[in-house]
1. Of the residues that sit in the range 104-116 and are within 14 Å of residue 77 (Cβ to Cβ) and either under 18 Å from the mean Cα position of the chain (by Cα) or free of Cβ contacts under 8 Å to residues at least 12 places away in the same chain (or both), which one is surrounded by the fewest Cβ atoms within 10 Å (Cβ to Cβ)?
2. For the range 43-51, does any single residue satisfy the condition of being touching a strand residue (DSSP E or B) at 6+ places or on another chain (Cβ under 8 Å), on the phi < 0 side of the Ramachandran plot, part of a helix (DSSP H, G or I) and in contact (Cβ under 8 Å) with a residue 24 or more places away in the chain?
3. Considering only the range 91-109, how many residues are over 17 Å from residue 127 (Cα atoms) and in contact with a helix residue (DSSP H, G or I) (Cβ under 7 Å, 6 or more places away or on another chain)?
4. Quick check on my filter: what residues within the range 54-69 are part of a strand (DSSP E or B) and touching a residue at least 60 places away in the same chain (Cβ under 8 Å)?
5. Among the numbered conditions (1) loosely packed, with under 14 Cβ neighbours inside 10 Å; (2) at pLDDT 95 or above, tell me where residue 101 comes up short.
6. Please go through the range 125-144 and give me each residue that is surrounded by fewer than 16 Cβ atoms within 10 Å (Cβ to Cβ), touching a strand residue (DSSP E or B) at 6+ places or on another chain (Cβ under 7 Å) and assigned to a loop (DSSP other than H, G, I, E, B), ordered by number.
7. Please indicate, with yes or no, whether at least one residue in the range 6-17 is part of a loop (DSSP other than H, G, I, E, B), surrounded by 12 or more Cβ atoms within 10 Å (Cβ to Cβ) and modelled with pLDDT under 95.
8. Given 122, 98, which one is over 14 Å from residue 155 (Cβ atoms), touching a residue at least 12 places away in the same chain (Cβ under 8 Å) and assigned to a strand (DSSP E or B)?
């Protein structure tokens, strides 16, 4: 009997990811990403059904539904999904302050889970709290559908050396 399917033991870069938008794309990177716009969730954010409600002046509001795919073993929303929403929210707050094409990445996070998410849509409210040299600092609070805080998130982001050629004019809001 002839086998045409690839085996799980094949090297990952030779297998194709069936859920990817292009069947020709390898499972592993590097990948070239083309964003639809500067203020837009990346492919991973779209996979999580993250929606941007607002992103301006160093703040952002994003939402994400609690789909069954985001549940952990006991039926609550997985903490990793919540952290991804918070991280993306702070990223969108930073993007509202820097020129398109600025490269930066999360370098540290601190998360405090306050209350489990059991259903509904989660809302993230994020803001940039400071910018020092090539680092941004931000916070996000996530709320359940009843507006109860479910997670507090703090993160540091570092701008890459190959960032914009001109120094961006960044004004950080001073509202706490």
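1. Of all residues in the range 104-116, those within 14 Å of residue 77 (Cβ to Cβ) come to 111, 113-116.
Okay, now just the ones that are also either under 18 Å from the mean Cα position of the chain (by Cα) or free of Cβ contacts under 8 Å to residues at least 12 places away in the same chain (or both), so 111, 113.
On the way: 111: 16, 113: 14.
Here the residue is 113.
2. First, pick out the residues of the range 43-51 that are touching a strand residue (DSSP E or B) at 6+ places or on another chain (Cβ under 8 Å): 48-51.
Retained after the next criterion (residues that are on the phi < 0 side of the Ramachandran plot): 48, 50-51.
Restricting the remaining residues to those that are part of a helix (DSSP H, G or I) gives none.
No, the range 43-51 has no match at all.
3. So the count comes out to 0.
4. Taking the range 54-69 as the starting set, the residues that turn out to be part of a strand (DSSP E or B) are 54-56, 59-65.
Across the range 54-69, the qualifying residues are 59, 60, 61, 62, 63, 64.
5. (2)
6. 134
7. Our first condition is that a residue be part of a loop (DSSP other than H, G, I, E, B); within the range 6-17, this holds for 6-11, 15, 17.
Those still in the list that are surrounded by 12 or more Cβ atoms within 10 Å (Cβ to Cβ) too: 15, 17.
Now drop any that are not modelled with pLDDT under 95, which leaves 15, 17.
The answer is yes, given that some residue of the range 6-17 is part of a loop (DSSP other than H, G, I, E, B), surrounded by 12 or more Cβ atoms within 10 Å (Cβ to Cβ) and modelled with pLDDT under 95.
8. Values: 98 fails: assigned to a strand (DSSP E or B).
Every option except 122 fails the conditions.
The values are calculated or read from the model by the stated rules, or taken from the named source; none is laboratory data. Small disclaimer: the values here were computed from a predicted structure and weren't measured. All Cβ positions, glycine included, derive from the backbone under ideal geometry; neighbour counts span all protein chains shown.
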